Amino acid sequence: AQSVTQLDSQVPVFEEAPVELRCNYSSSVSVYLFWYVQYPNQGLQLLLKYLSGSTLVESINGFEAEFNKSQTSFHLRKPSVHISDTAEYFCAVTGRRALTFGSGTRLQVQP
Amino acid sequence: DGGITQSPKYLFRKEGQNVTLSCEQNLNHDAMYWYRQDPGQGLRLIYYSQIVNDFQKGDIAEGYSVSREKKESFPLTVTSAQKNPTAFYLCASSTSGTEQFFGPGTRLTVL
């Protein structure tokens, strides 16, 4: 069975500072990995995904994540955050039936 | 526009009542999913359907029921057997078993 651990439930950060949201997974088979973002009272939006190929994947709004097979991690990073990045972020891994999600990390960007 | 719609956005239920949450997609996706979201717990899989007229229980199916009579529709009924139904419910769909696309969610409150 797959599992996902997001180590930080909340991450406060000042605007324009860098941020890293951590995600570790466990799986006995090859996986696909995803980061989703959720704004208050909305559904989840796909931020970026790793399916195969380059281990560094990027989103259109400056986020990036690196797949590290040896450390079973898929941490999300952004070099300079904006107030508008305040949201909840979920890491997910493909499972036998559906995606398995982490418990989420709330990113709070302060001015 | 292609996408997933959920209705209603907010739903109030009296104890002992059954309620049905609607989920419709026009993405021509074969697979559809229902998740429940509670604060600090991420998303938990209730039911999923890989094809019309077939569906499977997820991790927390007790007190819920679904049907999949049409490819586009996957309604979820929250029955009176569900002891703690107050939550945010998210519907999703996918085509290739990889990334899922989410609807905007329905917030159910038991009065």
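The values are calculated or read from the model by the stated rules, or taken from the named source; none is laboratory data. Everything numeric here is computed off the predicted structure, so don't read it as measured data. Neighbour counts run over all protein chains shown; Cβ positions are idealised from the backbone, glycine included.
Output the residue which, of all residues in the stretch B:64-85 that are modelled with pLDDT of 95 or more and in a loop (DSSP other than H, G, I, E, B), is surrounded by the fewest Cβ atoms within 10 Å (Cβ to Cβ). The selected residue is B:E69.
All of (1) more than 29 Å from B:G58 (Cα to Cα); (2) among the hydroxyl-bearing types (S, T, Y); (3) away from chain B (no Cβ under 14 Å) hold for A:S59 with one exception: (3).
A single member of A:F63, A:F67 is under 22 Å from B:L90 (Cβ atoms) and free of Cβ contacts under 8 Å to residues at least 40 places away in the same chain, and it is A:F63.
Filtering the stretch B:7-45 down to residues that are without any contact (Cβ under 8 Å) to a residue 40 or more places away in the chain and not in a loop (DSSP other than H, G, I, E, B), which residue is surrounded by the most Cβ atoms within 10 Å (Cβ to Cβ)? Per the criteria, the residue is B:L45.
Of the listed requirements (1) more than 10 Å from chain A (Cβ to nearest Cβ); (2) surrounded by fewer than 19 Cβ atoms within 10 Å (Cβ to Cβ), B:S49 misses just one: (2). Within the stretch B:92-111, if we keep just the residues that are touching a Ser or Thr at 6+ places or on another chain (Cβ under 8 Å), within 17 Å of B:T20 (Cβ to Cβ) and crowded, with 17+ Cβ neighbours inside 10 Å, the residue that is farthest from the other protein chains (Cβ to nearest Cβ) turns out to be B:V110.
Give the residues of the stretch A:2-20 that are out of contact with any His (no Cβ under 6 Å at 6 or more places or on another chain) and more than 14 Å from every other protein chain (Cβ to nearest Cβ), sorted by residue number. Listed by number, the residues that qualify are A:V11, A:P12, A:V13, A:F14, A:E15, A:E16, A:A17, A:P18, A:V19. Only a single item in (1) outside any strand (DSSP E or B); (2) surrounded by 20 or more Cβ atoms within 10 Å (Cβ to Cβ); (3) more than 14 Å from chain B (Cβ to nearest Cβ); (4) not hydroxyl-bearing (S, T, Y) is not met by A:F67, and it is number (1).
Could you list, in sequence order, the residues of the stretch A:26-56 that are under 12 Å from A:F67 (Cβ atoms), among the aromatic types (F, W, Y), surrounded by fewer than 21 Cβ atoms within 10 Å (Cβ to Cβ) and more than 10 Å from chain B (Cβ to nearest Cβ)? Listed by number, the list holds a single entry, A:Y50.
Applying the condition of being more than 9 Å from every other protein chain (Cβ to nearest Cβ) and aliphatic (A, V, I, L, M) to the stretch A:81-111 and asking which residue is farthest from B:D38 (Cα to Cα) yields A:V81.
Within the stretch A:1-23, take every residue that is over 12 Å from A:G104 (Cα atoms) and part of a strand (DSSP E or B) and give me the one that is farthest from the chain's Cα centre (by Cα). Full working, then the answer.
Taking the stretch A:1-23 as the starting set, the residues that turn out to be over 12 Å from A:G104 (Cα atoms) are A:1-3, A:12-20.
From what is left, the residues that are part of a strand (DSSP E or B) are A:3, A:12-14, A:19-20.
Values: A:S3: 14, A:P12: 16, A:V13: 16, A:F14: 19, A:V19: 12, A:E20: 9 Å.
Checked the stretch A:1-23; the qualifying residue farthest from the chain's Cα centre (by Cα) is A:F14.
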